[in-house]
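Engineer: Sharing a structure with you now.
The values are calculated or read from the model by the stated rules, or taken from the named source; none is laboratory data. What you see is a predicted model, and the numbers here were worked out from it, not measured in a lab. Methodologically, a virtual Cβ is constructed for each residue, glycine included, from the backbone with ideal geometry; neighbour enumeration extends over all protein chains shown. When the accessible area is computed, the model is the full protein with side chains, heavy atoms only, and any ligands, DNA or RNA have been set aside. Shrake-Rupley method; radii C 1.70, N 1.55, O 1.52, S 1.80 Å.
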Amino acid sequence: MQGYQALKANPTINDIYVPLLNQYGGQVIEADGDFEPDFEWGTMTYKADITAMNNADLIVAFIDAADPDSGTAFEVGYMTASNKPAILVTVGDRNEHPVNLMLSYGAVSNVDLATEGFAALEKFDFTNIAMKKWTGAIL
């Protein structure tokens, strides 16, 4: 949530959609909790995510270098295929944990929280996105 708070403080952002805060039926998923989604929940959550991406101007995707989420990877790919910029924000050591080149090179700009911190998100200019290449190991 620290990343969300940093983005909310950024004056170049008008609206933020966070999939985990918009689950179908208001359900909350806890990282280590017991959650067994049914078909309806999965279908409706997926459709809401697609609608949000279609309505969005860009994506800011947070990934854990040690364990990138496959859903986030899908979202980055979807936005890239939709000709919408992807900004990749990485948590963790990018050299110790190489990231797949489709994620690392697919983004138009990269923020490394390990070296730049959350302040980089507060100051990032989303109205004039500067290309920033990936630095770190890749798979």
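Engineer: Mind telling me which of 40, 122, 75 comes out most flexible in a GNM of the chain, alpha-carbon contacts under 10 Å?
Structural biologist: 40
Engineer: Still on this model: Order 60, 91, 99, 28, most accessible first, counting only protein heavy atoms with a 1.4 angstrom probe.
Structural biologist: Solvent-accessible surface, decreasing: 28, 91, 60, 99.
Engineer: Amide H of residue 60: which non-local residues (sequence gap of 5 or more, or other chain) have their own amide H closer than 5 Å, using H built in the peptide plane?
Structural biologist: Here the answer is 87, since their amide H atoms fall under 5 Å of that of residue 60.
Engineer: Related question: Note down the Stokes-Einstein diffusion coefficient of segment 49-108 in µm²/s, whole number, using a Kirkwood radius over alpha carbon pairs, 25 °C, and 0.890 mPa s.
Structural biologist: Rounded, D is 212 µm²/s.
Engineer: Answer with a single label: of (i) 40, 33, 28; (ii) 55, 34, 32; (iii) 57, 36, 20, which was calculated as Cα extents along the principal axes in Å from the structure in view?
Structural biologist: (i)
Engineer: Where nothing but the Cβ of Lys and Arg (+1) and of Asp and Glu (-1) is charged, how large is the charge dipole of the chain around its Cα centre, in debye to the nearest 20?
Structural biologist: Dipole size: approximately 740 debye.
Engineer: Sticking with this structure for a sec: Per-residue ellipticity at 222 nm for the chain, helices alone: DSSP H runs ≥ 4 residues times -39500 (n - 2.57), over residue total, nearest 500 deg cm²/dmol?
Structural biologist: Helix-only estimate at 222 nm: -9500 deg cm²/dmol.
Engineer: Okay, moving on. Rank these residues by their accessible area, most exposed first, probe 1.4 Å: 125, 67.
Structural biologist: Most to least solvent-accessible, the answer reads 67, 125.
Engineer: Would you tell me the accessible area of residue 1, worked out with a 1.4 angstrom probe on the heavy atoms of the protein chains, in Å² to the nearest 10?
Structural biologist: 140 Å²
Engineer: Ok, one more. Keeping every protein chain present and rolling a 1.4 Å probe, give me the accessible area per residue for the chain in Å².
Structural biologist: Per residue, the chain has 63 Å² of solvent-accessible surface.
Engineer: Step through the residues of segment 104-115 one at a time and calculate ³J(HN,Hα) from phi using the Karplus curve (6.51 cos²θ - 1.76 cosθ + 1.60, θ = phi - 60°), rounding each to whole Hz and writing x for Gly and Pro.
Structural biologist: In residue order, the calculated couplings are 5, 8, x, 7, 7, 8, 10, 10, 9, 4, 5, 9 Hz.
Engineer: Now a separate question. Which value, in debye to the nearest 20, describes the size of the charge dipole of segment 25-97 about its Cα centre when Lys and Arg Cβ atoms bear +1, Asp and Glu Cβ atoms bear -1, and nothing else is charged?
Structural biologist: 560 debye
Engineer: Spelling out what I want: for every residue of segment 60-68, take phi, set θ = phi - 60°, compute 6.51 cos²θ - 1.76 cosθ + 1.60 (Karplus), and round to whole Hz; glycine and proline get x.
Structural biologist: With the stated coefficients, segment 60-68 comes to 10, 10, 9, 10, 8, 4, 6, 7, x Hz.
Engineer: Add +1 for every Lys or Arg and -1 for every Asp or Glu among the other residues with Cβ under 14 Å from the Cβ of residue 114, and state the total.
Structural biologist: That works out to -4.
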